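The next block holds one structure in the form of structure tokens; read it before the comments.
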Ligand SMILES: CC(=O)N[C@H]1[C@@H](OP(=O)(O)OP(=O)(O)OC[C@H]2O[C@@H](n3ccc(=O)[nH]c3=O)[C@H](O)[C@@H]2O)O[C@H](CO)[C@@H](O)[C@@H]1O[C@H](C)C(=O)N[C@@H](C)C(=O)N[C@H](CCC(=O)O)C(=O)O
Ligand SMILES: Nc1ncnc2c1ncn2[C@@H]1O[C@H](COP(=O)(O)OP(=O)(O)OP(=O)(O)O)[C@@H](O)[C@H]1O
Ligand SMILES: N[C@H](CCC[C@H](N)C(=O)O)C(=O)O
Ligand SMILES: [Mg+2]
């Protein structure tokens, strides 16, 4: 039980009815989850309006509600109704207060950017663990407290869930948390009231323009993570090879560590050698140098490594521990994951779902594939439509053969998504239709890629990476690109 009046002290509020001198058992933003004596927070959402569920919440036991507009209650005079200007902001504030400001008791490292967040958090987690810290992890694939794993629903959870998770970490003596911070989370106040000690900017390229009004809005959302770094003890780690890094640099008021492959920076990578299974390079960190032999491949992973190196340095971890931590990472699930059933061509599953990441992996493949590069890909439904033709163009320019299929169509018609991709393909490839094929069923598409591959080719299956499901209009089915590929390889060998 917590005193309601204490939880709301930071809010600028008006009491519409009832008293704030009462105790609450918890906070909830979903009426379906409300329990006795909860405070229900009404969020005006994109598909629902939480204010419409206020009576359900009260029936389920809520005794106080936080609103941002006038509401009608079914004869509930004993209920406390508090009004504020923005309930998403309010949710973050009261959640942090309810759990006693847990992020202030942890070193929090936030990673934002269009691509590379998950990979960078894994590399940073490994460095922190090598240095002997007890670490929490929050991100796309899973959430973790030390070695205990929890299911992840989204890249960055809602503020209430984040604060509750931090509180649990504090209870379990975690000292450091490394988390992915999506632009949705920044725009929707999910990470308000988190006291970040280190913030990493990996890069920004086109994505999520269904949610953000423009690329500039998307950039401003990312920059928000850095405005909270308000003293010298807090560090921004910034990839200055990104054309928009100036905006991020100017947002931060803390210390700054820059990294780059192309320019002069605090952290640099020299003598880079890329192979199909890893990367070797010399990292220059301020005055020191260290050779790094990584089990992740691609130039983009050199960037992710420099970012994690920066996090390690800002947290005073020795270069020896940083090196060991980085070199111990064997790979990240569904990121450039090799599927090897003894076949004489390559099969790789990757999570590229943006034009930039698709371009990066296809360019990486060009360096070491002897035969043809066959790419199997689609685009997600209910997501940025404008990236679809661009991904079509990128695949057509850089792969030898494209198999266009479904990703997670969600509420959209799969054919419509594929048509959007094909528009881009046709812009590059005006007439040579034999350079691509459309196979809507993803399992069939993967099978086709594997059946048609010849010695020395590479079949790249991209977009879904670690996902073990496919979201269709009316249902979510089990689906794992790696497993489907393995079965196709075994079947192929048997024939
Ligand atoms: C665009 C977006 O992020 N939407 C999130 C947002 O939804 P919303 O505000 O529209 O919520 P809503 O469904 O309209 O409901 C409004 C309110 O009514 C409540 N409600 C609703 C129904 C009911 O019966 N009772 C009830 O109380 C809901 O709990 C909610 O509080 O708040 C909801 C509650 O936290 C989230 O579930 C929802 O995420 C949806 C599922 C989602 O798909 N988000 C994706 C796009 C996302 O966040 N992705 C990012 C980026 C990934 C990346 O890195 O690329 C991520 O961080 O994962
Ligand atoms: N630094 C990088 N720059 C560009 N592309 C990258 C980079 N790192 C990884 N990629 C590509 O992006 C894909 C996704 O990588 P990762 O999961 O690390 O990114 P993310 O930012 O966490 O993605 P999400 O937004 O879905 O959470 C990889 O499979 C790879 O193709
Ligand atoms: N975090 C990204 C993941 C996209 C993965 C892709 N498989 C898709 O479903 O579009 C998003 O929610 O936009
Ligand atoms: Mg991620």
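Every number in this text was worked out from the coordinates using simple rules, so none of it is lab data. Worth saying up front: this structure is predicted, and the values here are computed from it rather than measured. Don't worry about glycine lacking a Cβ; one is built from the backbone with ideal geometry, like all the others, and counts go over all protein chains shown.
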| request: Report, to the nearest 10°, how far helix 442-452 tilts away from the longest principal axis of the Cα atoms in the chain, using its own Cα long axis and a range of 0 to 90°. | output: 20
| request: Specify the inter-centroid distance of region 25-41 and region 75-127, based on alpha-carbon positions, in whole Å. | output: 17
| Quick one: if the Förster radius is 41 Å, what FRET efficiency do residue 438 and residue 275 give, using the C-beta to C-beta distance and rounding to 0.05? | 0.75
| message | Between region 275-326 and region 161-176, what is the separation of their alpha carbon centroids in Å? | response | 28
| Angle in degrees between helix 299-314 and the longest Cα principal axis of the chain, rounded to the nearest 10 | 40
| task | Treating the angle as unsigned and between 0 and 90°, give the value, to the nearest 10°, between the Cα long axis of helix 215-227 and the longest Cα principal axis of the chain. | result | 60
| Theoretical FRET efficiency, 1/(1+(r/R0)^6), r = Cβ-Cβ of residue 17 and residue 184, R0 25 Å, to 0.05 | 0.15
| note | Computed over region 100-328, the convex hull of the Cα set has an average projected area, in nm², of 11.7
| Cα gyration tensor shape for region 432-495, rounded if a/c is under 1.5, else prolate or oblate | oblate
| task | For residue 472 paired with residue 69, estimate the spin-label separation in nm (one decimal), with each label point 7 Å from Cα along the Cα-to-Cβ line. | result | 3.7
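For region 337-494, what is the convex hull (Cα atoms) projected area averaged across all directions, in square nanometres?
If you wrap the Cα atoms of region 337-494 in a convex hull and average its projections, you get 8.4 nm².
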| Could you list log10 I(q)/I(0) for the chain at q = 0.11, 0.12, 0.14 Å⁻¹, which the Debye formula gives when each Cα is one point scatterer? | -0.97, -1.12, -1.37
| Cα-based shape type of region 2-98, given that a ≥ b ≥ c are square roots of the gyration tensor eigenvalues and the cut on a/c is 1.5 | rounded
